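Peer 1: The structure that follows is given in the form of structure tokens.
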Amino acid sequence: MKIILASASPRRRELLEQIGLAFEVRVSNVEEKVTAREPGQVVEELSGQKAEAVFGTLEAMDEDVLVIGADTVVAMEGKILGKPAGPEQAVKMLEWMEGKSHEVYTGVALLYRGKEGAVCRKVFHERTKVHFYSMTEKEIRDYVSLGGCADKAGAYGIQGIFARYVRGIEGDYNNVVGLPAGRLYQEAKEWLES
């Protein structure tokens, strides 16, 4: 089976490798359009758009193919936070979240086509609650000055140095990194093991 990840995220690549999947990367350059309001629905919609865009470029193959699309957002107090537009927006996001709790939502779209041409689609999302310790303005600015905030929803990466400010999580740690790898495998198991 050919597995295609429709994402440029190095963290998603690492998580798929961690669960033993061999895959190739084809980045979708789809213009994201959001019609949903709820965070779970938003990430399902966006992950679906990414997977569909890549799936639509595939020619008929003589092997099964699985396209994986994913999208992650942070939500707090009813507001969705995506990737910051720049360092000052990253500082503002982290100042707002410091000492509080928020949710991380990752949507996953799985598009599978068997050799015979039948297409199956599964879309789901995972939610993880993250609790931050309090941070000073200096700590926030020092973290942002390290760079790397721009490609992260909510302006932080739980798997790096920012872990020093994470008091705890409720749910799937890998979901916060960018992909609920265990659930993805379970949802795709029937295709992966056929």
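The values are calculated or read from the model by the stated rules, or taken from the named source; none is laboratory data. As the structure is a computational prediction, the values presented were derived from the model and not from experiment. Note: ideal-geometry Cβ built from the backbone for every residue, glycine included; neighbour counts use all protein chains shown.
Peer 1: What are the pairs, 6+ residues apart or on separate chains, where a residue within region 179-192 that is outside any helix (DSSP H, G or I) has its Cβ under 6 Å from a residue that is modelled with pLDDT of 95 or more?
Peer 2: Filtered contacts from region 179-192: Leu179/Arg12; Leu179/Leu15; Leu179/Ala70; Pro180/Thr106; Pro180/Glu126; Pro180/Asp172; Pro180/Asn174.
Peer 1: Would you pick out the residues in region 88-110 that are part of a helix (DSSP H, G or I), over 21 Å from the mean Cα position of the chain (by Cα) and not β-branched (Val, Ile, Thr)?
Peer 2: Going residue by residue through region 88-110, those that are part of a helix (DSSP H, G or I) are 88-97.
Remaining after also requiring over 21 Å from the mean Cα position of the chain (by Cα): 88, 91-92, 95-96.
Glu88, Lys92, Glu95, Trp96 - these are the residues of region 88-110 that are part of a helix (DSSP H, G or I), over 21 Å from the mean Cα position of the chain (by Cα) and not β-branched (Val, Ile, Thr).
Peer 1: As an exercise: evaluate Lys50 against (1) under 23 Å from Lys189 (Cα atoms); (2) without any contact (Cβ under 8 Å) to a residue 24 or more places away in the chain; (3) assigned to a helix (DSSP H, G or I) and give the number of the one condition it does not meet.
Peer 2: Evaluating Lys50 over (1) under 23 Å from Lys189 (Cα atoms); (2) without any contact (Cβ under 8 Å) to a residue 24 or more places away in the chain; (3) assigned to a helix (DSSP H, G or I) leaves (2) as the failure.
To keep it simple, each residue is scored yes or no on (1) within 18 Å of Glu17 (Cβ to Cβ); (2) more than 19 Å from the chain's Cα centre (by Cα).
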site: Leu146; (1), (2): no, yes
site: Ala150; (1), (2): no, no
site: Ala153; (1), (2): no, no
site: Ile161; (1), (2): no, yes
site: Arg164; (1), (2): no, yes
site: Asn174; (1), (2): yes, no
site: Leu184; (1), (2): yes, no
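Peer 1: Any residue in region 132-152 that is at pLDDT below 95 sitting within a Cβ distance under 6 Å of a residue that is not in a loop (DSSP other than H, G, I, E, B)? List the pairs, counting only those 6 or more apart or interchain.
Peer 2: Cys149/Ala90; Cys149/Ala155
Peer 1: Is it the case, given these coordinates, that Tyr105 is in contact (Cβ under 8 Å) with a residue 40 or more places away in the chain, among the aromatic types (Phe, Trp, Tyr), crowded, with 17+ Cβ neighbours inside 10 Å and over 21 Å from Gln18 (Cα atoms)?
Peer 2: Here the answer is no, as Tyr105 does not meet what is asked.
Peer 1: Would you mind telling me which numbered condition in (1) surrounded by 14 or more Cβ atoms within 10 Å (Cβ to Cβ); (2) more than 20 Å from the chain's Cα centre (by Cα) Ala118 fails?
Peer 2: Only one criterion in (1) surrounded by 14 or more Cβ atoms within 10 Å (Cβ to Cβ); (2) more than 20 Å from the chain's Cα centre (by Cα) is unmet by Ala118, namely (1).
Peer 1: Looking at Ser47, Ser7 in this structure, which one is under 17 Å from Gly107 (Cα atoms), modelled with pLDDT under 95 and surrounded by 20 or more Cβ atoms within 10 Å (Cβ to Cβ)?
Peer 2: Numbers: Ser47 fails: modelled with pLDDT under 95.
Of the residues listed, the single one that is under 17 Å from Gly107 (Cα atoms), modelled with pLDDT under 95 and surrounded by 20 or more Cβ atoms within 10 Å (Cβ to Cβ) is Ser7.
Peer 1: Determine, yes or no, whether Ala70 is surrounded by 22 or more Cβ atoms within 10 Å (Cβ to Cβ) and in a strand (DSSP E or B). Quick ask: steps written out before the conclusion?
Peer 2: Values: surrounded by 22 or more Cβ atoms within 10 Å (Cβ to Cβ): yes; in a strand (DSSP E or B): yes.
So Ala70 passes the test.
Peer 1: Right, something else. How about region 156-178: which of its residues are part of a helix (DSSP H, G or I) and farther than 16 Å from Tyr133 by Cβ?
Peer 2: Narrowing region 156-178 to residues part of a helix (DSSP H, G or I): 161-165, 173-177.
Tyr173, Asn174, Asn175, Val177 - these are the residues of region 156-178 that are part of a helix (DSSP H, G or I) and farther than 16 Å from Tyr133 by Cβ.
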